[in-house]
Amino acid sequence: MWIEACQEVDCFMHGLIKRNPGEPEFHQAVREVVETLMPYVLEHPQYRDAQILERMTEPDRIVIFRVTWEDDQGQIRANRAWRVQFNNSIGPYKGGLRFHPSVTLSILKFLGFEQVFKNSLTGLPMGGAKGGSNFNPKGKSDREVMRFCQSLMTELFRHIGEDTDVPAGDIGVGAREISYLFGQYKRLANRFTGILTGKGLAFGGSLVRTEATGYGCVYFCENMLHARGDSLRGKTVLVSGAGNVALYAVEKATELGAKVLTMSDSGGFIHDPDGIDAEKLAFVKELKEVRRGRISEYAEKFPHATFHAGERPWSVPGEVALPCATQNEISASDAQTLLTNGILAVSEGANMPTELEGVHAFLDAQILFGPGKAANAGGVAVSGLEQSQNSLRLSWSRAEVDQRLQTIMRDVHTKCADHGTEPDGTINYVRGANLAGFVKVADAMLAYGAV
Ligand code: NDP
Ligand code: 2IT
């Protein structure tokens, strides 16, 4: 069965690459999933007969459009934007918007594909989607960002809705962008309704949504460690990124008694051997969320810390790694370095931060490896709770939302264990997450017949 599955994977990937040329990130995300699912699909012919894998790797639809806007000098600028509506079998499309110059259709398809499985794992009724633009918000004024967001929404508004598709934030899209987008939607549609999540608290946002991805990633890590009779207390932790996910991963890991040694941005990483405590984190929050500055300033402010330009933090010895910046930020050789330095657990706050070869190395070494679609599901889960609160037209307390987030992350861990426990008792969280996410969506698709 195993050899047959390998041949089937190669054959499947051959067709997928031929149908989707020049999309390496999409190929990578699909390969990881198909490698783990193929033996199961071969054992369950109902999925194969219904071409479920072929259908799940083809988005329902993709909208591509031009976004024209005017900069502060009065120059006309044009960017490209996309919304990839991947699969709405178990609920309205749901997933973030990314604004970054590196955004391509390949990246949005990989993100939309992963979102289908992630959203399924949360147990909430959400389909998968992703969108965004190659617009670069760095160095733009608030007014320029506002004009860009308004122009983008002027097209996007006809494709979204609370029962159709509910976007949110991702890289380069935070509270400021969501506010501009929501304001423009409200103006165009003359409706005040939950068509975006990550909204401000004054206009339908949920408490804990800002913190949810980072907190959830740490809760997932703690669940993995508990399953081995261990915990984060006293552990040294390497974090990459200094954005939304990283900031709140550092906050929660520190609260749970760990010592966070590193953070990074696209300029390099800082290493603080004394640990990034609450006070220092407050500095980074202000630096990143208010001043939109560079992480290198940390080393100027705290003299025990060092800044390493153009490098990633994975060469620093540590026991736990929380990659929270971007895709493929842990190369195969970074993974080897982490293993050589004795890493115990990796919990992915970012989406697909580890190259496939690195994933295989972590799995072979049987360290605790929580893939993004499980470990970072807390963000979209609290987005789902924001949708629930919008429908109910009320707001839950911080404690209530945090409690629900903890329960969801524990349930995601349990689902991974149920579907990913090996005969020797160790848990393969990659297989567990892919299988558990898959079965719910696939069964819904089977029930619908040929649609
Ligand atoms: P932010 O834009 O808030 O922060 C991104 C951080 O990563 C910044 O420090 C940024 O540095 C760094 N970064 C981004 N791209 C690169 C790059 N190409 N090379 C080096 N560093 C980079 O984004 P988020 O924190 O929201 O997202 C981080 C990751 O988490 C992404 O993979 C996203 O898909 C994932 N995610 C986010 C969720 C959310 O709720 N926001 C939910 C689930 C997953 P710089 O500022 O210098 O660019
Ligand atoms: O990758 C992700 O899960 C997100 N960017 C969050 C999506 C959401 O709808 O909250």
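Some points to look at:
- Flag for Thr254 being part of a helix (DSSP H, G or I), within 18 Å of the chain's Cα centre (by Cα) and in contact (Cβ under 8 Å) with a residue 24 or more places away in the chain: no
- Scanning region 42-52 for residues that are in a helix (DSSP H, G or I) and either polar (S, T, N, Q) or in contact (Cβ under 8 Å) with a residue 24 or more places away in the chain (or both) yields Leu42, Glu43, Gln46, Tyr47, Ile52.
- Matching residues in region 360-376 - criterion: being among the hydrophobic types (A, V, I, L, M, F, W, C) and surrounded by fewer than 23 Cβ atoms within 10 Å (Cβ to Cβ): Ala361, Leu363, Ala365, Ile367, Leu368
- No other residue among Arg66, Arg77 is surrounded by fewer than 17 Cβ atoms within 10 Å (Cβ to Cβ), more than 12 Å from ligand 2 (Cβ to nearest atom) and over 18 Å from His159 (Cβ atoms) apart from Arg77.
- Ala345 modelled with pLDDT of 95 or more, in contact with a helix residue (DSSP H, G or I) (Cβ under 9 Å, 6 or more places away or on another chain) and more than 16 Å from ligand 1 (Cβ to nearest atom): yes
- Entry remark, region 180-217: residues being hydrophobic (A, V, I, L, M, F, W, C), assigned to a helix (DSSP H, G or I) and within 22 Å of Ala249 (Cβ to Cβ) number 3 in total.
- Residue list for region 126-149, filter: assigned to a helix (DSSP H, G or I) and in contact (Cβ under 8 Å) with a residue 60 or more places away in the chain: Arg143, Glu144, Arg147, Phe148
- Criterion violated by Ala29 - all others in (1) free of Cβ contacts under 8 Å to residues at least 12 places away in the same chain; (2) closer than 23 Å to Gly432 by Cβ satisfied: (1)
- The condition (being out of contact with any Lys or Arg (no Cβ under 8 Å at 6 or more places or on another chain), small (Gly, Ala, Ser) and more than 12 Å from Phe269 (Cβ to Cβ)) is satisfied by just one residue among Ser333, Ser315: Ser333.
- Of all the numbered requirements in (1) in contact (Cβ under 8 Å) with a residue 40 or more places away in the chain; (2) assigned to a helix (DSSP H, G or I), Met38 misses one, and that requirement is (1).
- Counting the residues of region 82-98 that are touching a residue at least 60 places away in the same chain (Cβ under 8 Å), within 15 Å of Lys373 (Cβ to Cβ) and of a type outside the set (Val, Ile, Thr) gives 4.
- Looking at Ala212, Ala227, just one residue is crowded, with 22+ Cβ neighbours inside 10 Å and touching a Leu at 6+ places or on another chain (Cβ under 9 Å), and that residue is Ala212.
- Scanning region 257-272 for residues that are farther than 14 Å from Val316 by Cβ, within 16 Å of ligand 1 (Cβ to nearest atom) and either in a loop (DSSP other than H, G, I, E, B) or in contact with a Gly (Cβ under 6 Å, 6 or more places away or on another chain) (or both) returns Ser266, Gly267.
- Given (1) in contact with an Asp or Glu (Cβ under 6 Å, 6 or more places away or on another chain); (2) surrounded by fewer than 17 Cβ atoms within 10 Å (Cβ to Cβ), index of the condition Phe110 fails: (2)
- Just one of the listed residues (Ser89, Ser106) is among the polar types (S, T, N, Q), modelled with pLDDT of 95 or more and outside any loop (DSSP other than H, G, I, E, B), namely Ser106.
- Test: residue in region 317-338 that is among the acidic types (Asp, Glu), surrounded by fewer than 19 Cβ atoms within 10 Å (Cβ to Cβ), away from ligand 1 (no atom under 11 Å from the Cβ) and over 30 Å from Lys94 (Cβ atoms): no
- All positions within region 160-179 that are more than 16 Å from ligand 1 (Cβ to nearest atom) and not in a strand (DSSP E or B): Ile160, Glu162, Asp163, Thr164
- Once region 398-451 is narrowed to residues that are among the basic types (Lys, Arg) and in contact with a Ser or Thr (Cβ under 8 Å, 6 or more places away or on another chain), the residue that is surrounded by the most Cβ atoms within 10 Å (Cβ to Cβ) is Arg431.
- Given (1) touching a residue at least 12 places away in the same chain (Cβ under 8 Å); (2) more than 16 Å from ligand 2 (Cβ to nearest atom); (3) part of a helix (DSSP H, G or I); (4) under 27 Å from Glu255 (Cβ atoms), number of the condition His226 does not satisfy: (1)
The values are calculated or read from the model by the stated rules, or taken from the named source; none is laboratory data. Nothing here was measured: the structure is a model prediction, and the numbers come from that model. Ideal geometry is used to build each Cβ from the backbone, glycine not excepted, and the neighbour counts take in all protein chains shown.
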